[in-house]
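The values are calculated or read from the model by the stated rules, or taken from the named source; none is laboratory data. Here the structure is a predicted model, which means the values were calculated and not measured. Every residue, glycine as well, gets a Cβ built from its backbone with ideal geometry; the counts of neighbours run over all protein chains shown. These area figures cover heavy atoms from the full protein model, side chains too; ligands, DNA and RNA do not enter into them. Shrake-Rupley method; radii C 1.70, N 1.55, O 1.52, S 1.80 Å.
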Amino acid sequence: MPSASVRDLCEDQSGRFWAGTTHGLSMYFPDADADPPQTFIQPVLDREKSVPEGGTITIAFGGRDKWKFTPQNRLLYSYRLDEHEWSSFQEVNGISFTDLPAGKHYFLVRAMDRNCNIDPKPARLEFSVVLPWYRETRLLLISFAGLGCALFFAGLSYNQHRRLLRSYTEVEQKVAQRTRELEIANRELLHSQKMNALGTLAAGIAHDFNNILSIIKGSAQSIEDNVENPQKVRTRVDRIKTVVEQGAGIVKAMLGFSRDSADQLTACDLNEAMKDTIKLLGDRFLREVQVTFEPATDVPDVMCSKDFIQQILLNFIFNAAESMAKRKQVILSTRTLETLPPGMILAPAKTPVYAAISVKDFGSGIPPENMSRIFEPFFTTKAMSARRGTGLGLSMVYELAKKLQAGIAVESVVNNGSVFTLILPVQKAPNAPPRTEAKVEALP
């Protein structure tokens, strides 16, 4: 129509409609424009699609006629919200909604041109009205459920932590108890080994004292028979003094060996320790085995327990004697080392200088397949021999050497003999001049 101001509307005899406007007559031609207009909604940001409770949402929309017979400002619009009724067509291009219920909503709008063509595909917009988090039932349920789960697992974790702490405490107590028991057992085993060594030496020492008593008894009878001969009396008295000093030396060596001096570290003269150990062997052992001692002249003193040194030496000597059937000869020696020999069983503490004690025999030797096992507890090759071994002698030697921070080296050739060497670290080089030692040979 030429004008929106309509004065009159009538229908003629042919069924055509006429409208009288302020700008003249207009006739309605329904077939002139059969295509409906297209409706669109102005884009809305995602954050604007979530409306807080009590808030307002404003929706702008519009449309366009396909052939532009109807201007945009002449298009009419109808809308509806959710499942409500469609509104009447109006000349509006926007609408606002306030105080909508919480939840999801959808808005539909359609356009109609001046030829009464209605858009069959209304434009659609979906949006939500959201409640505050403290009023959102589902969110509160999820939050309380999460809190409950968190408290449950926290309690479970705390309970597990307490149980682990108790378990750790119990394990530590058991470990401490087992450690104490092992220390006690180790001391008892060490003492048992010492007593076994003393038992082995007892027969020979008893024989030595029997010889000493026989000499004293014979000298006393000789003195009684020659009271008037001062020369013979003096000779017999000197002989008694000599054998008494010999017996005192044996007793002193025995007392020094049997005393518990494991924790007493003193400066030890290895040559003197070797001589005292030979005294412990006694005449009976020395008649069966030829023991030769080759002391070095420059061996420094070492800080150690003399008791441990003697126990190690006795184990080495007894094993050496038992490995020989015919040529029973054992060579003991001391020397100073600056470099360690290769292939050691146990490495000593690192020091610039080392003092070494060696025990050499000419026995059956050790097969290569047994070399790595000779220091294992209860390992013995004496099961078929006349004197069954316990397999604890060399294992105790290994433990004693570890306590002394010493090393052990073994050289052996089958049917030619073995050399066991104890290597002791010298913590501080002595300032005293080297001692002069002579070769000592213990003969039967």
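A quick yes/no check of all residues on (1) among the aromatic types (Phe, Trp, Tyr); (2) closer than 17 Å to residue 124 by Cβ; (3) open to solvent by 70 Å² or more (accessible area, probe 1.4 Å):
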| site | (1), (2), (3) |
| --- | --- |
| 43 | no, yes, yes |
| 61 | yes, yes, no |
| 65 | no, no, no |
| 71 | no, no, no |
| 75 | no, no, no |
| 79 | yes, yes, no |
_Cβ-Cβ under 8 Å pairs, at least 6 apart or on other chains, the range 26-49 side farther than 15 Å from residue 72 by Cα, far side open to solvent by 50 Å² or more (accessible area, probe 1.4 Å) and part of a strand (DSSP E or B)_ = 26/18; 27/17; 27/18; 28/17; 28/18; 49/126
_Some residue of the range 354-377 being buried (at least 16 other Cβ atoms within 10 Å of the Cβ), within 15 Å of residue 418 (Cα to Cα) and among the charged types (D, E, K, R)_ = yes
*asked:* Looking at residue 68 and the list (1) in contact with a strand residue (DSSP E or B) (Cβ under 6 Å, 6 or more places away or on another chain); (2) over 20 Å from residue 48 (Cβ atoms); (3) of a type in the set (D, E, K, R), which single condition is not satisfied?
replied: (1)
*Yes or no: residue 202 modelled with pLDDT of 65 or more and surrounded by fewer than 16 Cβ atoms within 10 Å (Cβ to Cβ)?*
no
*Those residues of the range 130-143 which are without any contact (Cβ under 8 Å) to a residue 24 or more places away in the chain and either assigned to a loop (DSSP other than H, G, I, E, B) or under 21 Å from residue 58 (Cβ atoms) (or both), in sequence order*: 136
_Can you tell me how many residues within the range 287-313 are surrounded by fewer than 18 Cβ atoms within 10 Å (Cβ to Cβ) and in a helix (DSSP H, G or I)?_
2
*Right, residue 347: over 36 Å from the mean Cα position of the chain (by Cα) and either within 20 Å of residue 407 (Cβ to Cβ) or loosely packed, with under 15 Cβ neighbours inside 10 Å (or both) or not?*
no
_Which count do you get for residues in the range 89-129 that are under 60 Å from the mean Cα position of the chain (by Cα) and either surrounded by fewer than 17 Cβ atoms within 10 Å (Cβ to Cβ) or part of a loop (DSSP other than H, G, I, E, B) (or both)?_
4
*asked:* Going residue by residue through the range 51-58, is there one that turns out to be open to solvent by 30 Å² or more (accessible area, probe 1.4 Å), under 30 Å from residue 135 (Cβ atoms), touching a residue at least 60 places away in the same chain (Cβ under 8 Å) and not aromatic (Phe, Trp, Tyr)?
replied: yes
_Only one of 234, 180 is modelled with pLDDT of 85 or more and more than 23 Å from residue 396 (Cα to Cα). Can you tell me which?_
234
*Can you find even one residue in the range 131-143 that is on the phi < 0 side of the Ramachandran plot and modelled with pLDDT of 90 or more?*
no
*Does at least one position in the range 29-36 carry a residue that is of a type in the set (Gly, Ala, Ser) and either in a loop (DSSP other than H, G, I, E, B) or open to solvent by 80 Å² or more (accessible area, probe 1.4 Å) (or both)?*
yes
